Each structure stands twice: as C-alpha cells, then as structure tokens.
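Report on the structure given below.
The values are calculated or read from the model by the stated rules, or taken from the named source; none is laboratory data. Keep in mind the model is a prediction, meaning the values are calculated, not measured. Cβ coordinates were reconstructed from backbone atoms using ideal geometry, including for glycine residues, and neighbour counts include every protein chain displayed.
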Amino acid sequence: MNTFIQKSTISFLGTGLMGFPMARRLLAAGFPLRAWNRTRSKAEPLQTSNAVIADSAAEAATGADIVITMLEAGPVVRSVLREIRDILSPGTLVIDMSSTGQSEALEFKRLLSERSIKFIDAPVSGGVIGAEAGTLAIMAGADDAADFFHAEPVLSVMGRPTRVGPVGSGQLAKLCNQLIVGGTLGIVAEALLLAQAGGADPAAVRAAIRGGFAESRILEVHGQRMLDRNFLPGGQVKSQAKDMENVLLAAAAAGLQLPISELMTTAYRALLDVVPEADQSAALLQLERLNPGKRLGSAEDKLP
C-alpha cells in the first residue's frame, strides 16, 4: 500500500443509498474517514467500521486531504461546497461523485479554484450492487492528469476510474451512460410487454435472447426486476429523471436533437408524480399506463 493511501484523510459527504457502501469500502481499505449526512442516522452505522461521524459538512471537511461529495443533485452540491470552501486548505482535492450537470461541474471548479482547491467531477454508474462490490464505473473529469493520479488510488477502491477529459467531462460521460440506460430500460420494458401481449412467455423470451446481440446488463438485472415486478430501489426514478433532463440540456448546448432521449425523459417525468423513489425499472409502469389492460406477469408490485 502506498504512502498516500496510508496517510490521506477522507471526508465523505453524503451517505445515502450509494454513498454508504462507497464509504464503507474506503474504510475497509484502511482510509481514515469522517462521514457526514444531513440525516445523521444514515451515517452512524459507519462507526462500526471506525468512521468518525460529523454533525456538519464543515466539521467533516476540516483538515481533510480529500473531500468526496455524493449528494442528491447539483443544488445540494453547490450548497455544501459553499459551506466548506473557506475551511479547506489550498491544495485540498474535492471529488464530486454526485450526478450533476456539466455546467454545474464547471461552476464548482470555478468556486473552488478561487481558494486554490483542486476539483474533479467523477460520477459513477453501477447502482447499489456496484457500490457494494467496488465495481462502479467511475468517469472522471480532471483538468490536470496529476489530479487524476492523485485521486486514482482512492477511486480504485470503489470501482474502475477512467479519466475522460477535463473538468465537466465526467458529468458528460455519465449523461451518455444514463442516456443508454434510460433508452435500454424503455426498450426492455416494451420487449417484455410485447412478448406477453402477443402470447409468448416473457420470461422465456428474455432467457432466449440473452447471449445474443440483445444481451445487456439492463436486460439481465432490470429485465428480471420487471418480470418480478420488484421496483424497490437500486437506482431511483427521480435520479433517472434528473439525469434525462440533464441529457436534454447538454444536447441543447451542443446543438443536438436526441429524439429517443426526449421520449424517455417524457416517460420519467410522468413517473415522478407517481413513484419517484421506485427503481428505474418502473419504466414498465409508465408503459403499462399507456396500454390500459396490459400488464406484465401476475405478481404484486413491490414499491417503496
């Protein structure tokens, strides 16, 4: 283990659905870690792994070598960074692993650079399963390769980090990921409902096409969730909806029209008023709402 890993103190801000297992993996790897969450009870179980639980973000960040934020959305990240900025030492590295907009990541960089604080945007994909297993795909935007190399030993504990460009590029890569996830969720839901409505066994159809060109992690994990009607969250509708809205904003900024993204954004907007905390596989529920009388399987819905 290198000296950097042995001596770096990490402040982990945001121990929700994803943040908690990520912080736990860092503790298991031997990092001194101070954790904070707005709802303190969500961070307190980390004490059994020797984390120090702070009462405020500023308390958690004081004296940290690296600050990791894993928060709900850009406005929350902005608020927390404003709270901690003036207590961080110049040269501190802030790694935002939340899903925000590309423009927000650039704003955060400017906010912190005024205090000579380094910044990387490094959103993740892989859900709670990936966070627990340490197999997250981590898309990092860093202006300086040295900043990425500084962060890499920490990020590697949580998954597979890749530098995809300068600051803001991590969020853009995450949006590309979520565009594919959102579109594929919709297609898998349509395929399974079509199979059933046409008289085939949807579970058998899913099994038959796996291993062919249609195989995907979405078909594997979320296809089974749809068949089981298990919409308890791994990810959440509200997060997917936020990401799809940010996809459209990025597309507009780039002068692009993305028709499939527009359709899936409309679907997730509709779900926000009904099951905002359900898993993204609830895309099936919106499809069923568009097709009255058609329903996949006979199991009861499992909803948060």
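Tabulated values for the structure
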| quantity | calculated |
| --- | --- |
| From Val221, Val247, residue being over 22 Å from Glu288 (Cα atoms), under 18 Å from the mean Cα position of the chain (by Cα) and not assigned by TED's automatic domain parsing to the domain that holds Pro123 | Val247 |
| Residue check for Leu179: hydrophobic (A, V, I, L, M, F, W, C), buried (at least 16 other Cβ atoms within 10 Å of the Cβ) and modelled with pLDDT under 95 | yes |
| Number of the exception - Val52 against (1) surrounded by fewer than 23 Cβ atoms within 10 Å (Cβ to Cβ); (2) among the aliphatic types (A, V, I, L, M); (3) under 21 Å from Gly130 (Cα atoms) | (3) |
| Pick from the stretch 19-35, criterion touching a Ser or Thr at 6+ places or on another chain (Cβ under 8 Å) and assigned to a helix (DSSP H, G or I), ranking: nearest to Gln102 (Cα to Cα) | Ala23 |
| Complete set of residues in the stretch 198-219 that are within 15 Å of Ile180 (Cα to Cα) and either touching a Ser or Thr at 6+ places or on another chain (Cβ under 8 Å) or assigned to a helix (DSSP H, G or I) (or both) | Ser216, Arg217, Ile218, Leu219 |
| Where Glu132 falls short, out of the listed (1) over 20 Å from Asn37 (Cβ atoms); (2) surrounded by fewer than 21 Cβ atoms within 10 Å (Cβ to Cβ) | (1) |
| Condition check for Ala189: assigned by TED's automatic domain parsing to the domain that holds Arg269, crowded, with 17+ Cβ neighbours inside 10 Å and of a type in the set (A, V, I, L, M, F, W, C) | yes |
| Condition check for Ser156: out of contact with any Ser or Thr (no Cβ under 8 Å at 6 or more places or on another chain), farther than 26 Å from Pro259 by Cα and either surrounded by fewer than 22 Cβ atoms within 10 Å (Cβ to Cβ) or of a type in the set (S, T, N, Q) (or both) | yes |
